[in-house]
Amino acid sequence: MFSITFRQSLRTTGSTCRIPRLPRLSLPIRRFYASGSTIKAAVHKPVKVIGIDLGTTNSAVAVVEGEMPRILENSQGDRTTPSIVAFTTRGDVLVGATAKRQAVVNSENTFYATKRLIGRKFEDDEVQNDISHLSYKVVKHENGDAWLQTTVGENLSYSPSQIGGFVLKEMKHVAETNLNSEAKNAVITVPAYFNDSQRQATKTAGELVGLNVVRIVNEPTAASLAYGMNQKKNGLLAVYDLGGGTFDISVLDIDDGVFEVRSTNGDTHLGGEDFDNVLVKYIVGKFKDSQKGDEDITKNRMAMQRIKEAAEKAKIALSHVHKTRIQIPFIVKDENIDFELAESELDEMTMHLIKKTMEPLKKAISDADLKRSDIDEVIMVGGMTRMPRIRRMVGDFFNKKPNTEVNPDEAVAIGAAIQGAVLSGEVKDVLLLDVTPLTLGIETYGGLFSPLIPRNTTVPCKIQTTYSTAVDGQNSIDVNVYQGERPLVRDNKLIGKFKLTDIPPKPKGVPKIQVSFDIDADGIIKVSALDKDSGKRASITVFGKTGMSQAEVEQLVKQSKKTTKEDQMTLNYLKHVNNLELIVFDSEQAINDWSRFILEEEKESLGRKLSIVKRMISDSRSGDLFDVKLIKAAQVELKDETMEIIQNAGQRSRDARKKVQSHEPN
Amino acid sequence: CVIAHAAQYSAEDLEIFAVQSKLVEDSKRTDYDFYKFLRLPDGASSDAKTIEKHYRNLSRKWHPDKYRDAKTKHRAEKRFQKLSLIITILRDHEKKQRYDYYLKKGFPQYDKATGQFIFGKRFKPNLILTLSII
């Protein structure tokens, strides 16, 4: 006993002696470390991170170059790409404008606005409500999620994540063509009010197509970065973001490069699509009033698709003019739709939708502990905010004219790119402090919701609670995790069911299981458990969670990798074919140039070879031939023979010149 | 099924206790509190503006996005997670009042035998608190 105390005291004195020396020792180390890291940063260029705004109707991609963010244009020269994916009977997958163009003739296999379904259950009210408006079929997947069914193949079905993946792949491709290098790392944006399942499903979409999703950023927060980078102004900012399918309102406090979200609110099922649907209903009603025939137009998919397109066009037009004409000739047989629509009529029929954004607005202001008049600046993002009535309403609410300096279609992608550059270390002095939009909690007795992490808590955050057993010998505990603001769990969204198992049998209340709830910077929740007595990780089983299982994701990633590998192989092969074609051109050119000095039999033999090679080239391009070795051999053979012929021809030309010279002395 | 910690405390109280006990446990200093963590020399009497200023400065320092190396990033994240919960409590007037009250009168001890927070002496914090708040 004594010796232990003695040794302990000795150790204590020993360490007190060393303490003053420690800081001195660590200083040079720290300096070395710091200088080491600057050297490293100077030598290795930071990894590029692209920013993708995966929108309900349109998507955009941006990148920061030399501290300046810029939007990357797609191959058609457009700055945004429609978030539309179509499958053709021939087995092609079309993305973007090409998919949109064929929507009328292939409406059942053209998937649009799938962001409204991502991370949702088939039985969700929002999904059930959407089904009547959609031209494609929504089905219930094994795990209860809403999936999409095609009529191609054997009625292949896709998850909304996969459809999002196709769009992300297209955006990745746009970036790679612009940057001339691989774009592997991406920041992807989501509506601020997205819950855990919707965020997870969006991240999965990126992973499915081989993107390294370095961060999920909230759309209004990203937009504030786009605004703040230029303005360099401090103060309180409100971002009103009404897009194609979702509505967000965020209140931020900007202070010398720190963008701190104070509160966020919204509706993940309110946007331009709803405005279109109202207008479609109005057009159908108007047509039915004057219809001569008796066909039910709502059953005619092609006609409905045409009405939808006309409705969208009219809605956009009315943001710039007061009156527009809706004209759809021969909608059915010999009947037409043709009438005038005024801006005031559109305002009136969509007023209930515009008003729906006011409640979240009020909540966000009060959650931030502010008054409306405290807000220094209001910015508007998302295509729907071009509607003059909405601008007026928001202006009236804050008693302030909204700032129109940010581009409503591009700000989110720009902001995502800025956050990407912050994460890669390219942009310094900017810091985003974002929040979790919904309260996280667990179910307690009687279906009550017991909050653990309140909404608007800055992420990343983590909270731990201890659980015990209620009965002697109980060996498992069920924990149901929910997100939402209602006092009863049944009104909130079930995030996952966790089962703590393998608890050693002990009297009730004795086992102590410490459960940690983590919300990471992406707003995604992780749960882990620790048995406090044994210090061992407790087993957790997760079930009933929306989205794909890890195994499913891996399987799909493997598949997409295989296809990209195949794509790569085809690409390589076609490069060889192109080289061969160049050699053919060169050979033909040479025969032409040296024609006088090439023997007829040489011409004939080379000509024969050229025609065979040309057929090989066209077969390779049509996909009938795939043989790298053969193409390579043909390259060598053709090159050699042409070289030989040209050398011979050169010899003959020199001989001929000599002859001429010897015949004409001086 | 789940055992609720102790019925007499509100969810807000339990949230405060959980953050405080974790802070003390990790720092190994029994006198550690939110204000010391935020490096506020005036403790509970610091005004809201100063609290915000300190929070923001510490965010700049501790936010995991500021670090690239995995190890330092992880350390920063752990610190930032605490910072986030603490500021959420201190920004909420009612929660801050509760926290200051317990800080002055003493926090209940976590009872390992029952898994509940208990006070050594007979004490009904909720009644007094509710009255004081009303």
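Miscellaneous remarks
- Residue identified as under 26 Å from the mean Cα position of the chain (by Cα) and more than 9 Å from chain B (Cβ to nearest Cβ) among A:GLN483, A:GLN514: A:GLN483
- Filtering the stretch A:321-331 for residues that are more than 37 Å from the chain's Cα centre (by Cα), outside any loop (DSSP other than H, G, I, E, B) and not charged (D, E, K, R) leaves a non-empty set.
- Here B:PHE17 clears all of (1) under 30 Å from A:SER476 (Cβ atoms); (2) within 13 Å of chain A (Cβ to nearest Cβ); (3) open to solvent by 20 Å² or more (accessible area, probe 1.4 Å) except the condition numbered (3).
- Within the option set A:ASP255, A:ASP248, being without any contact (Cβ under 8 Å) to a residue 40 or more places away in the chain and out of contact with any Ser or Thr (no Cβ under 6 Å at 6 or more places or on another chain) holds for one residue only, A:ASP255.
- Screening A:GLU176, A:GLU182 for residues that are assigned by TED's automatic domain parsing to the domain that holds A:GLU260, under 21 Å from A:ALA97 (Cα atoms) and without any contact (Cβ under 8 Å) to a residue 24 or more places away in the chain leaves exactly one candidate, A:GLU176.
- Qualifying residue in the stretch A:324-337 (condition: closer than 30 Å to A:LYS400 by Cα and either without any contact (Cβ under 8 Å) to a residue 60 or more places away in the chain or assigned by TED's automatic domain parsing to the domain that holds A:THR264 (or both)): yes
Here is a yes/no grid of residues against (1) within 24 Å of A:GLU359 (Cα to Cα); (2) more than 9 Å from chain B (Cβ to nearest Cβ); (3) surrounded by fewer than 22 Cβ atoms within 10 Å (Cβ to Cβ):
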| residue | (1), (2), (3) |
| --- | --- |
| A:ASP376 | yes, yes, yes |
| A:MET380 | yes, yes, no |
| A:PHE397 | yes, yes, yes |
| A:GLU410 | no, yes, yes |
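- Residue in the stretch A:449-461 that is nearest to B:ILE86 (Cα to Cα), counting only those that are at the interface with another protein chain (Cβ under 7 Å from one of its Cβ atoms) and open to solvent by 10 Å² or more (accessible area, probe 1.4 Å): A:PRO454
- Residue match in the stretch A:351-358 (condition: buried (at least 17 other Cβ atoms within 10 Å of the Cβ), away from every other protein chain (no Cβ under 14 Å), touching a strand residue (DSSP E or B) at 6+ places or on another chain (Cβ under 8 Å) and in a loop (DSSP other than H, G, I, E, B)): yes
- Boolean, A:LEU433 is within 7 Å of chain B (Cβ to nearest Cβ), of a type in the set (A, V, I, L, M, F, W, C) and open to solvent by less than 30 Å² (accessible area, probe 1.4 Å): yes
- Residues satisfying the stated conditions in the stretch A:213-231, i.e. open to solvent by less than 10 Å² (accessible area, probe 1.4 Å) and of a type in the set (S, T, N, Q): A:ASN218, A:THR221, A:SER224
- All conditions but one from (1) in contact (Cβ under 8 Å) with a residue 24 or more places away in the chain; (2) open to solvent by less than 30 Å² (accessible area, probe 1.4 Å); (3) within 9 Å of chain B (Cβ to nearest Cβ) apply to A:GLN464; the one that does not is (2).
- Residues within the stretch B:46-65 that are in contact (Cβ under 8 Å) with a residue 24 or more places away in the chain and either within 8 Å of another protein chain (Cβ to nearest Cβ) or touching a Pro at 6+ places or on another chain (Cβ under 6 Å) (or both), tallied: 1
- Take the conditions (1) open to solvent by 10 Å² or more (accessible area, probe 1.4 Å); (2) in contact (Cβ under 8 Å) with a residue 24 or more places away in the chain; (3) out of contact with any Leu (no Cβ under 8 Å at 6 or more places or on another chain); A:ASN234 misses just one of them, which is (2).
- Check on A:ARG490, within 30 Å of A:ALA364 (Cα to Cα), among the charged types (D, E, K, R), open to solvent by 60 Å² or more (accessible area, probe 1.4 Å) and touching a residue at least 60 places away in the same chain (Cβ under 8 Å): no
- Looking at the stretch A:120-207, the strands (runs of 3 or more DSSP E) lying wholly inside it that each contain 3 or more residues that are open to solvent by less than 30 Å² (accessible area, probe 1.4 Å) sit at A:146-149, A:185-190.
- Of all the numbered requirements in (1) part of a loop (DSSP other than H, G, I, E, B); (2) more than 13 Å from chain A (Cβ to nearest Cβ); (3) without any contact (Cβ under 8 Å) to a residue 12 or more places away in the chain; (4) surrounded by 13 or more Cβ atoms within 10 Å (Cβ to Cβ), B:ARG68 misses one, and that requirement is (2).
- Test set (1) within 19 Å of A:THR177 (Cα to Cα); (2) modelled with pLDDT of 95 or more; (3) of a type in the set (Lys, Arg) - A:LYS48 fails condition number: (2)
One line per residue, one yes/no per condition, for (1) open to solvent by 30 Å² or more (accessible area, probe 1.4 Å); (2) modelled with pLDDT under 80; (3) in the same structural domain as A:THR202 (by TED's automatic domain parsing):
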{"site": "A:ASP518", "(1), (2), (3)": "yes, no, no"}
{"site": "A:LYS526", "(1), (2), (3)": "yes, no, no"}
{"site": "A:ALA529", "(1), (2), (3)": "no, no, no"}
{"site": "A:SER534", "(1), (2), (3)": "yes, yes, no"}
{"site": "A:SER539", "(1), (2), (3)": "yes, yes, no"}
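This table checks each residue for (1) surrounded by 12 or more Cβ atoms within 10 Å (Cβ to Cβ); (2) among the small types (Gly, Ala, Ser).
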position: A:LYS286; (1), (2): yes, no
position: A:THR298; (1), (2): yes, no
position: A:GLU312; (1), (2): yes, no
position: A:ARG325; (1), (2): no, no
position: A:ALA342; (1), (2): yes, yes
position: A:LEU361; (1), (2): yes, no
position: A:ALA364; (1), (2): yes, yes
position: A:ALA368; (1), (2): yes, yes
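- Residue match in the stretch A:191-201 (condition: in contact with a Ser or Thr (Cβ under 7 Å, 6 or more places away or on another chain) and closer than 20 Å to A:VAL63 by Cβ): no
- Restricting the stretch A:436-448 to residues that are facing another protein chain (nearest Cβ under 10 Å) and more than 18 Å from A:LYS499 (Cα to Cα), the residue that is surrounded by the fewest Cβ atoms within 10 Å (Cβ to Cβ): A:LEU448
The values are calculated or read from the model by the stated rules, or taken from the named source; none is laboratory data. These numbers come from a predicted model, not from an experiment. Backbone-built Cβ (ideal geometry, glycine too); neighbour counts: all protein chains shown. Note: accessible area is taken over every heavy atom of the protein model, side chains too, but ligands, DNA and RNA are not part of it. Shrake-Rupley method; radii C 1.70, N 1.55, O 1.52, S 1.80 Å.
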